[in-house]
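In what follows, a single structure is set out as structure tokens and then discussed.
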Amino acid sequence: MSAPGRLTIVGSGLAGSLLALELVERGLAVTLIDAEEATATAFSYGGVAWWAGAPGPLGPLLRQAPARWRRLQERHGPLGWRRCGLRLHGGGWGSSQLRPPFAQVDTAVLMAALPRVLAAAGVERRRGRVMAPPQPVAAGWQLELESGDPLLAEQVVLAAGAGCRFLAPALPVRLRASWAGVLAQPIRAPLSTASASPWLRHAARRRIVQPRHWQRPALEAAAPGLEEERWIVDAGFAPWGEGLLLGQISLVRPGLDSGEPPPAAAMEEHLRQGLTGLDPLLAALPGPFRQVPVAFCSNGLPLAGPLPGAAGLWVFSGFGGAFAQVPVLAPVLADVIAGVADPGGLARFGVLPG
């Protein structure tokens, strides 16, 4: 059993890890629970679209994302942040170059670096799954781990992405989950800047290619009214270590439960058909196909803050555009948890779960 007084974060993806780093900077003792399962972070394009945020007060905050990533790398070493070219397809614009310049966090680099970075910062890492919602006890909250060992913490942050609904069933209904799939090439297929395909030339130059108008946000916004499952393909790719993440298929089901993983073979076929519409050469590139559950909020604004009526229980989940949203919201939430700011700072961004 861990010592009372520690703060425990459930979830070791982007949200949980960056929040842990902010909290230890503020002097809190942090335990991070790592289920050692594939996360949405690991298969994200990692695009940092700081100029394409949600309307309202959160939009201007997102413009701080590049500075936050630079600060994180200055403090913790390489995390995969880099400037990169972006090419868009569809929509009828005269130029495929998007301005201002784009940036990416290479998620293969990030996921490889995080264990070292967290350990160096003093974050305690516990491996295992949390098997039930946190239970209130006199000293705070108790978590039941699959090992059978109870874990006691004064405060708990739920940053488990699509797993947050299981851990806190009373979370707002705008927090939902989808299934997202990509072709994840660990080693990039031979590519040439002289290729007959303009898209493969962009891949050879390590640029990101994506639709000018993503379909996924519209599907997520429609989620509350769905009566049957729907899937869409957003064709594109992004550098991923020495390889590529290729395509993206999203499946949303009615209700709040994402359900069992959809058939991988059928999802891969749909994905390759969608890529064929952009370039048959892209569709023919090898896989393998990987899919993970992804948390999202149907109104486009994530959840960040205390759960009403549950002192010491927090949520940090449901991001759309996580690589711009998480690094700027994590310091704000950390200040609130550490007691140096009140939740009003989060309220004005529209992200409180109450």
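FYI, it's all coordinate maths here, none of it is from the lab. Just so it is clear, the model here is predicted, and its values are computed rather than measured. Positions of Cβ are generated from backbone atoms using ideal geometry, with glycine treated the same way; all protein chains shown enter the neighbour counts.
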Practice task
Take the Cα atoms of the range 9-86, find their three principal axes, and give me the spread along each one in whole Å, biggest first.
Solution key: 34, 29, 28
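Would you kindly state how much longer the chain becomes between GLU25 and ARG125 on full extension, computed as 0.36 nm times their sequence separation minus their alpha carbon distance, in nm to one decimal? Mind dumping the intermediate values first?
On the way: separation 100, 0.36 × 100 = 36.00 nm, distance 1.65 nm.
Result for the pair: 34.4 nm of gain on full extension.
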Completion exercise
So, with points 7 Å from each Cα along the Cβ direction, the ALA347-ARG70 label distance in nm works out to 3.4
Handout entry: With Cα atoms, 0 to 90° folded angle of helix 14-25 axis to the chain main axis
Key = 50
Practice task
For the range 108-124, just list the computed ³J(HN,Hα) in residue order, Karplus coefficients 6.51, -1.76 and 1.60, θ = phi - 60°, integers in Hz, with x standing in for Gly and Pro.
Solution key: 5, 5, 4, 5, 6, 7, 4, x, 5, 5, 5, 5, 5, 7, x, 7, 7
Completion exercise
Least to most buried among ASP342, ASP34, by other C-beta atoms within 10 Å and fewest first, runs ASP342, ASP34
Problem - Gaussian network model of the chain, springs between alpha carbon atoms under 10 Å - residue of THR39, THR276, THR31 with greatest fluctuation - result: THR276
Practice task
Mind putting a number on the dipole of the chain about its Cα centre? Charges go on the C-beta only, +1 for Lys and Arg and -1 for Asp and Glu, and I need it in Debye to the nearest 20.
Solution key: 1380
Exercise for the section: Could you tell me the distance between the Cα centroids of the range 115-131 and the range 150-226, to the nearest Å? Expected result: 23
Exercise for the section: Please figure out what share of the DSSP beta bridges in the chain is antiparallel and state it in percent, rounded to the nearest 5. Expected result: 70
Problem - Angle between the chain longest axis and helix 322-337 axis [Cα atoms, degrees, rounded to 10] - result: 10
Problem - Value of Rg/Rh across the range 120-231 [Cα atoms, Kirkwood radius] - result: 1.13
Completion exercise
Interchain or sequence-distant (5+) residues whose placed amide H lies within less than 5 Å of the amide H of PHE296 are ARG176, ALA177, SER178
Handout entry: Spacing of the two label points (7 Å from each Cα toward its C-beta) at ARG230 and ALA196, in nm
Key = 3.7
Handout entry: the chain: most fluctuating residue of ASP257, ASP149, ASP335 per GNM, C-alpha cutoff 10 Å
Key = ASP149
Handout entry: Stokes-Einstein translational diffusion, the range 176-229 - Kirkwood Rh over all Cα pairs, 1.306 mPa s, 10 °C, in µm²/s
Key = 111
Exercise for the section: Any chance you could list P(r) for the range 176-297, counting all Cα-Cα pairs in 5 angstrom bins from zero, rounded to whole %? Expected result: 2, 11, 22, 22, 18, 12, 7, 4, 1, 0
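Rounded to the nearest 0.05, what FRET efficiency is calculated for ALA189 and GLU260 with R0 set to 35 Å and r the Cβ-Cβ distance? Before the final figure, lay out the partial values.
Working: r = 31 Å, r/R0 = 0.90.
E(calc), rounded to 0.05, equals 0.65.
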Practice task
Relative to the longest principal axis of the C-alpha atoms of the chain, give the angle of the C-alpha long axis of helix 65-76, reported between 0 and 90° and rounded to the nearest 10°.
Solution key: 70
Completion exercise
If amide H atoms are modeled at 1.01 Å from N in the peptide plane, then the residues at a separation of 5 or more from CYS84, or on another chain, having amide H under 5 Å from its own are PHE102, ALA103, GLN104
Fill in the blank from the handout: For the pair GLN215 and ALA38, the simple spin-label estimate (label points 7 Å beyond Cα toward Cβ) gives in nm 2.1
